[in-house]
Every structure is written in structure tokens, then in C-alpha cells.
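Asker: Could you have a look at this structure, given as C-alpha cells, before my questions?
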Amino acid sequence: MILRSRTVRWTGLLLVAMAMAIATACGGGSTPKPIPEVAKAKATRDVVNNAPGVTSTIRVAFDQAFELAKTNVPLASLFEIEAPDPYTAQSTKKRILVQTAEIDKDSPRTILLHIKELIPTGSTLKVAKKGFRKGEPGDLTADIESDLSPAETLLASKALSITDTRLIDGSHVRAPSEADRDPAAMRAALDAHLRIRGATDATRQRALDRFDVMPADIMPSAKARAALAALTGTYAEGAIDSLLTANNCTGKPAALIAFQPPPDAPELFARVTFTRDGRRIVSLNPSIEGDRIDHIAPILAHRRSTATRRPASSRRSPRRRWTPSFTSPSPPPTRRSSMMARL
């Protein structure tokens, strides 16, 4: 009787185990919930007291409702950002941690991330899967949309300082190169300047034609000829005929326009003197021969005065000067001398 009772008991336990196994195989057991995917991640620059700040908020929207796994770690630690480093190159990535995170009260499928710096386009969001399923390895990844480019992020993040002082060294004078004295190179430079300036094809061709026929005996420097031809199509275009023809108050073309020390006034950018027969000699300071033609052209355009004096604060450097606009209604006022005549 005892043996039969034990046999019945073991048989019952076996049947129960088999029933549980069959129920599980048929779907009666619980299955893990799927891990949501990131539908959208968008970074926005924070505005504090109506002023743009240097922090960001990222709205991370998921494609379905989710439940966070029970864990003791902060929600923010499940997120990480890889962003272009604006201080080096966009190909270089830097790791950014999330300061705080919380589920959006108005959208339970959205998590708000708060970051102590600006997030540019080209950044990537990483979300640890273990935040939704305990122990799950790997990360979800998503590209981050942003209202700032890497360059804008750099400009908005901090004040920039100059690291190469040669760019603003006031004592530096650009020495003329072989190209500055090569007519073909200067013709190409004139053409490039006119294109950048937005001159029409007709104006550009007229300027190049004028460059080609300017007398080298009056203007031996190809750089000076290119600078004078660059006045074509500007308010100061009349200076070309004023210098090279008899259409001026002297009734004669200039005798010489050249890079040479201004007589008795080496501190000037340019000076006009006269030959015995009344023809003008325009002496351009040799220190500006290596400068760009669009910097030299306004000096040649100053027909109201025969000299352009450097500002006292920049007399050591001919490059640090005020350059008038080609579209200015009139040339800027300059000091006049009784010993100098009008151009």
C-alpha cells in the first residue's frame, strides 16, 4: 500500500510538470517586452532670460511606450553623446555626458536630456539598452538634429583669441613678389578681383582692355596698372583718364606713376610732384607694392588731394590703414598741404 501511494504521488508530480511545460510552449508564459527604438532626437539651444545660453536640451522621442528597468543608477547615465569637436576638426569626436534626464510630463514616450554645452549637427546619441531590459547588452544609436552647426557652436560657446599674431602684426610689411611685377600674373589678379567684386562681363572686359593698353613708360609697374584698371566700373573710374590722358586740370598726362619713395615725405602712402613742364609724377610708397590691388586702387583714386597720409597710430605699418569703399559717394578727407597740388 505504501509503495502504491508513493507511485501515485510521483506520477501526479510528473503530470503537473508536463502540463506546465506544455503551457509555456503554447504561449502561456510571459515574454520580454520589446526594447523601443529612438524615433527622433533633437537638440535645442536653451534660452535663459530671453538670451541664448550655452546649454542644450535634447528631446528623445521613442517609437512606442516603454517601461524603464528597475535600477539604482540615474536615468542620465543611460545616455551618452558623441559630437564633433569644433576646436579641432569635424572628423574628431568628443564624448559628452548628460547632466540630468527626466520623462516628459506631456509626452510619456519622450525623455528630456539636459547638457551643459551646445550640441551641433553631426552628433550621435547612444542609449544603453539595459535601461529598458535589465542586463541587456549594447546601445541604441540615433543621429541628433540641431539648430546649430559646428561652426556656430564654436562661435557661440566661447570668446576666440588670436593664436597666430602674424595675422595682425602691425610692423609687418608684405614684400613684393615676382608675380607683383609680372604683367600676365597681374592681369590674372585683376580678372580675379573683378569677378569677386561681381563686375559684369562687359565691365570686366573693359577693365582688362584698359590694362592691356596702359603705357608702361608712364606706369612701369604691372601692379600699379592693375590697381588703376580696377577702378573701372566704380565711382572713381574717371581717375584713369585723369592720370593717363590730358583730360585733367594740367592738360597733360602724368609723366610717371611708379613705386618709389615719396619725395621729402617717406611717411606718405603717395605723393604728387611736378616736372618742370607741369606734368605730374605720382610716387607710390614702395612699402605697399606687395599689397593687394584693391588696397592700392583707392590711393590712385584720390584725385582731390595729392597725398594720402597714414594715420598716426599705424605709421609703422602701411597695411594698417583705412581703405575707402569703391561705392563711397566721395573720397575721405585728407590733410592738405600748400606745397601739393590736386590730382
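Asker: Report, in listed order, any pair from Lys40/Lys116; Lys40/Lys158; Lys33/Lys116; Lys42/Lys126 with a Cα-Cα distance greater than 23 Å.
Answerer: Numbers: Lys40/Lys116 21 Å; Lys40/Lys158 29 Å; Lys33/Lys116 33 Å; Lys42/Lys126 13 Å.
From Lys40/Lys116; Lys40/Lys158; Lys33/Lys116; Lys42/Lys126, over 23 Å: Lys40/Lys158; Lys33/Lys116.
Asker: From the square roots a ≥ b ≥ c of the eigenvalues of the alpha-carbon gyration tensor of the stretch 38-157, which class results: rounded (a/c under 1.5), prolate (a/b over b/c), or oblate?
Answerer: prolate
Asker: A follow-up question, please. Give me the extension gain from Ile196 to Asp217: residue separation times 0.36 nm, minus the current Cα-Cα distance, reported in nm with one decimal.
Answerer: Gain in length upon complete extension: 4.6 nm.
Asker: So if we plug the beta-carbon distance of Thr44 and Asp164 into 1/(1 + (r/R0)^6) with R0 = 35 Å, what FRET efficiency do we get, rounded to 0.05?
Answerer: Approximately 0.50, to the nearest 0.05.
Asker: Then there's this: Based on alpha-carbon centroids, what's the gap between the stretch 40-81 and the stretch 241-257 in Å, whole number please?
Answerer: The stretch 40-81 and the stretch 241-257 have Cα centres separated by 72 Å.
Asker: Computed FRET efficiency, Cβ-Cβ of Glu145 and Gln99, R0 22 Å: what is it to the nearest 0.05?
Answerer: Efficiency, rounded to the nearest 0.05: 0.65.
Asker: Compute the distance from the alpha-carbon center of the stretch 124-164 to that of the stretch 216-234, in whole Å.
Answerer: 54 Å
Asker: Now, a different point. What is the extension gain from Glu117 to Ala185, computed as 0.36 nm multiplied by their sequence separation minus the C-alpha to C-alpha distance, in nm to one decimal?
Answerer: 19.7 nm
We did not get these values from a lab; they are worked out from the coordinates using the rules stated. Note that the structure is predicted; figures quoted are calculated from it, not measured. For neighbour counting, all protein chains shown are included, and Cβ atoms are generated from backbone atoms with ideal geometry for every residue, glycine included.
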